[in-house]
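Taking it in order: structure first as structure tokens, then the write-up.
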Amino acid sequence: MQSSEIRENFLKYFEGKGHKILPGSSLVPKDPTVLLTLAGMLQFKPIFLGQEKPSYKRATTVQKCLRTNDIEQVGKTARHHTFFEMLGNFSFGDYFKTEAIEFAWEFLTVNLKLPKERLLIAVFEKDDEAYDIWKKKMDIPPDRIFRLGEDNNFWAAGPTGPCGPCSEIYYDLGPGKGCGQPDCQPGCDCDRFLEIWNLVFIQYNRDGSGQLIPLKQRGIDTGMGLERITAVIQKVDSNFDTDLFKQLIDDIKPLINPHPLIPVSEQVSLRIIADHARAATHLISDGVIPDNSGRGYILRRLIRRAIRHAKLLGGVIHPPFLSTLARSVIDQMKKVYPVLSEKRNLIIEILDREENNFWETLDQGMKIFQEVIAQHMQDKIIPGSIVFKLHDTFGFPIELSREIASEAGFKLDEAGFQKAMKAQRDRGRQAGIAGEKQKLLSLALEHINSTKFVGYEKTTDEGKVLVAVPGQNLIILDKTPFYGESGGQAGDTGLLSLGETEVRVVDTLITPKGVIVHEVDKLAGLKEGKKVKAIVDAAKRQATAKHHTATHLLHKALREVLGGHIKQAGSYVGPDKLRFDFSHFAAISRDDLIKVETLVNQKIHEKIKIETLQKDYQDALKLGATALFNEKYGDQVRVVRIDNFSLELCGGTHVQSTGELLFFKIINESALGAGVRRIEALAGQAAKVQVIYQAKSLRDEIEKLINHYRLVELEKENLGGEKFTETNIFQIELTELDRLSSAVDGQDAINVNKIFDHLTGRLEWLRERLTKSEKELRDLKLKSASQQAGDFLGEVLEIKGVKVLTKEFKTYSMDMLRSVSDTLQRQLKSCVLVFASNLHDRLIFLITVSPDLMAKGYSAQTLAATFSSVTGGKGGGKANSASGGGNDPSKIPEALDKVRKQLAI
Ligand code: SER
């Protein structure tokens, strides 16, 4: 039976028992408490906890899972993986232990026909109920039922959440596979008893303090590893020998250098590569990209670990190689996981990039490792500073260094590594603080905890001066409407006034503690205790608010268009523009940029009201609010909601309705570093001005081209050529362009892109048309030049018995001179032709000598030298033909004269 049939049989069996077949969820879970989906029950957590009501009471899934806790075991044993698939059936307040056990038993023994005598059972030591069901109802002899402790038979998805006792079903692979110890039994670490199915009886919620709170509704969560049951059914020794892995492992071998008959010890590396290739492929398909923290770090670690094992095998013939394996994974699994096909290019691109980056540093890093190992044979410790250098400069995840070290019998100086990491973080933090100003303030600030910000509601207010720092021109008020620069939003500017005295606020900062500091142009007698009026520059604030709201819209639009892997990496929101930095692996196509821009403009057009809510941090996350990684949030957070489109934790100031944004325009997209892109954009009046400006330059360009085009057509007509009859080309477009200048709102903004796009297309067309016309004109000119050649026969002279024609042409190109020269040589047979032309205020010349005269010693090359001696330009060629140019066409008659004189000597 193939693994695909096992998947299908499982789902069908449970469907037959009233279960709804549901899709497995992404490897990136909605649940913020775990990094990755590690079991089938995760997507049902809110249901088990009674927070959500499902429309079904029984469900069944195939769930892709990723766990890193067994990563060291992968490849070394027959049964451990990082990525694996879990077959599961679930009951939500419906059936409980008895049916769960009956279903599992029936499926294994009847459907999959596993021999009963090979199956053993483990139950939680205190769970008499489960023990009795197995013994009495299922007739399992007591010597095949084992009571095990909490470690083995109490299951929880994490430190808190739904959990309960569980019962496991083991398959006995036979004494030959085991450790042979007298106490070997299910739960032993050896390979004899293979745990194939875990039935969890969910009946508690473990709260934050570790207490088990009984759930109102009990449930069932079971999980059977597809890789393991497939190995049993296919009667192979290891999961890696099943059809789930065979092809993939076969695909690795030819990539490895030298072509291997790989010994058993190296099978481990092969298996690790296969396991990690599956994991990396699926992670990327679910939107994870390599990073230095979180899920991205796990992905990076898997990729780098796979590359190192390829190196251990002797290297790869043509790196990058992981994408080749990804293709194999995709082809094999796309039917079950269509997202793999959808993300195919992305997966390949990310893997290639990440791999190429690592090969280089891997070699360098390994060299360092070898040196250090040689130096430290005594203490067998890799110093922390080296581990840090490997991590920081060569991209060795600490786990990888630990592994390499342990293979050589070494340990890492982990404390030293942590110290070096901390020192680096501190350096970063210091550099990140807004410099001198804050340092100088620190004294004054010691006694103030925070200032009250009233700027969400108003832009003018009264405040009392708490601190005025002379010399630094800094003022702190007890409350203020001025927004201090934070969260990417620029600080407010404006005025502080006291009667006649007015000081300008040139910038506003906020300290990490929340004290708002006004930087003013002068203190002008403002001192502690004085009451002042604080007036924010409302126009600037409004422009900034537009850009801030636009930033949220842009963030969401990028996620919609490019995918959920988009993460904000930084931003600037000011009155002049917005800048948004985010993680993404490649440049964004023009089409996608337009899609993003259009989506934002669409939201502007919808005039959506913007709401701000105060929420508990955890509640906000549950609602799906985007929070910034690395940002610290308090328990209570402010959430900015734009309908159901965008939800972000944010302390900034926003407009009240998206309609106020008027217009959104992306002005630049660029790379900021590996995997980080930057978009600059405008909203509001600034965007509109930008559009008008762009429309104007487009119009200028189109008009310039059209004028040029008309001239070419006219010249063609004059030469008797056919004129391409389109007199009013671009009239429609020019009118459209004019309309852009009067565009007013989001809908126009959407049209703007359409018009720009259309016009850019038309511009392309015009350029092509122009190239064609120019060619037609050139051909016409050549033709007419050769036709005219006969007219010049009357001007031919005889000098020393040789026919000579020296002539100046107006605006003839070199091609045209050649064409006349060829025609006349054919007619005159024996001749010397010396032609020059004034072409766009430069001179060009062409001199030709017929073969018979060449034989008599005439040389075009020599004559060219004579010509150039007058004009000062350059020339060159052979005896039969020479040409050249020069800067001063007025010298042509003199040069021709000199050539004639030369011929007469
Ligand atoms: N959640 C349990 C496990 O992961 C059963 O699915 O083992």
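The values are calculated or read from the model by the stated rules, or taken from the named source; none is laboratory data. What you are looking at is a predicted structure, and each value in this text was computed from that prediction instead of being measured. Here Cβ is always computed from backbone atoms with ideal geometry, including for glycine, and neighbour counts include all displayed protein chains. These area figures cover heavy atoms from the full protein model, side chains too; ligands, DNA and RNA do not enter into them. Shrake-Rupley method; radii C 1.70, N 1.55, O 1.52, S 1.80 Å.
Listed by chain and number, the lysines placed with their C-alpha closer than 16 angstrom to that of Lys533 are Lys452, Lys458, Lys464, Lys479, Lys522; residues fewer than eight positions away on the same chain are left out.
At a probe radius of 1.4 angstrom, the accessible area of the chain per residue rounds to 47 square angstrom.
The calculated P(r) of the stretch 448-583, using every Cα pair and 5 Å bins from 0, goes 2, 11, 19, 21, 16, 11, 9, 6, 4, 2, 1, 0 in percent. The orientation-averaged projected area of the convex hull spanned by the Cα atoms of the stretch 76-178 comes to 8.4 nm².
Summarising the amide proton neighbourhood of Gly24: residues at separation of 5 or more, or on other chains, whose placed amide H is nearer than 5 Å comprise Val62. Ligands, DNA and RNA left out, the accessible area of the chain computed with a 1.4 Å probe is 50% carbon and sulfur. Listed by chain and number, the aspartates and glutamates placed with their C-alpha closer than 17 angstrom to that of Lys116 are Glu102, Glu106, Asp139, Asp143, Glu168, Asp172, Glu195; residues fewer than eight positions away on the same chain are left out. Principal-axis analysis of the Cα atoms of the chain puts helix 892-904 at an angle of about 60° to the longest axis. Among 235-244, 761-770, sorting by the average number of other beta carbon atoms lying within 10 angstrom of each residue, highest first, gives 235-244, 761-770. Near the amide H of Leu244, within less than 5 Å, lie no amide hydrogens of residues on another chain or at least 5 residues away, with H placed in the peptide plane. For the chain, the ratio of Cα radius of gyration to the globular rule of thumb 2.2 N^0.38 Å stands at 1.36. Dipole check for the stretch 1-113: with +1 at the C-beta of Lys and Arg, -1 at the C-beta of Asp and Glu, and the Cα centre as origin, the magnitude is about 100 Debye.
Give, as a single signed number, the net charge of other residues whose beta carbon lies under 12 Å from the beta carbon of Arg304, with Lys and Arg counted +1 and Asp and Glu -1.
Values: positive: Arg300, Arg301, Arg305, Arg308, Lys311; negative: Glu354, Glu355, Glu399, Glu403.
Every neighbour counted, the sum reads +1.
Take the alpha carbon gyration tensor of the stretch 831-905, find the square roots of its eigenvalues, order them as a ≥ b ≥ c, and report rounded if a/c is under 1.5; if not, report prolate when a/b exceeds b/c, else oblate. The shape class here is prolate.
Under 14 Å between alpha carbons, and skipping anything fewer than 8 positions from Lys422 in its own chain: which aspartates and glutamates qualify? By straight Cα distance, Lys422 reaches Asp392, Glu414. Here the extension length gained between Lys775 and Arg590 equals 63.5 nm, from 0.36 nm per residue of separation less the Cα-Cα distance.
So if each residue of separation counts as 0.36 nm, and I subtract the Cα-Cα distance between Arg900 and Glu414, what length gain in nm does that give? Mind showing how you got there, number by number?
Working: separation 486, 0.36 × 486 = 174.96 nm, distance 9.22 nm.
Stretched fully, the Arg900-Glu414 segment lengthens by 165.7 nm.
Residue ranges 545-556, 657-668, 602-613 sort as 545-556, 657-668, 602-613 when ordered by packing (mean number of other C-beta atoms within 10 Å per residue, highest first). For the chain, the longest principal axis of the C-alpha atoms and the axis of helix 746-788 are separated by about 30°. Taking the Cα centre of the stretch 232-384 as reference, the dipole from Cβ charges on Lys and Arg (+1) and Asp and Glu (-1) amounts to some 220 debye.
Amide H to amide H, with H built 1.01 Å from N, Glu485 comes under 5 Å of Gly491, Asp492, Thr508, Leu509, Ile510, counting only residues 5 or more places away or on other chains.
Please report, in debye to the nearest 20, how large the charge dipole of the chain is about its Cα centre when each Lys and Arg carries +1 at its beta carbon and each Asp and Glu carries -1 there. Let's see the in-between values first.
On the way: 123 positive and 119 negative charges, 298 e Å.
Charge dipole of the chain: 1440 debye, to the nearest 20.
Among Ser497, Ile381, Gly174, which residue has its Cα furthest toward the positive end of the charge dipole of the chain, with +1 on Lys/Arg Cβ and -1 on Asp/Glu Cβ? The listed residue farthest towards the positive side: Ser497.
Rank by packing, highest mean first: peptides 40-48, 316-324, with packing defined as the count of other Cβ atoms within 10 Å averaged across residues. Before the final figure, lay out the partial values.
Values: 40-48: 22.8, 316-324: 19.3.
Most protected by this proxy first, the peptides run 40-48, 316-324.
Taking the 0 to 90 degree range and rounding to the nearest ten, how far is the long axis of helix 685-718 tilted relative to the main principal axis of the chain, both from C-alpha atoms? Long axis of 685-718 versus the principal axis of the chain: about 40 degrees.
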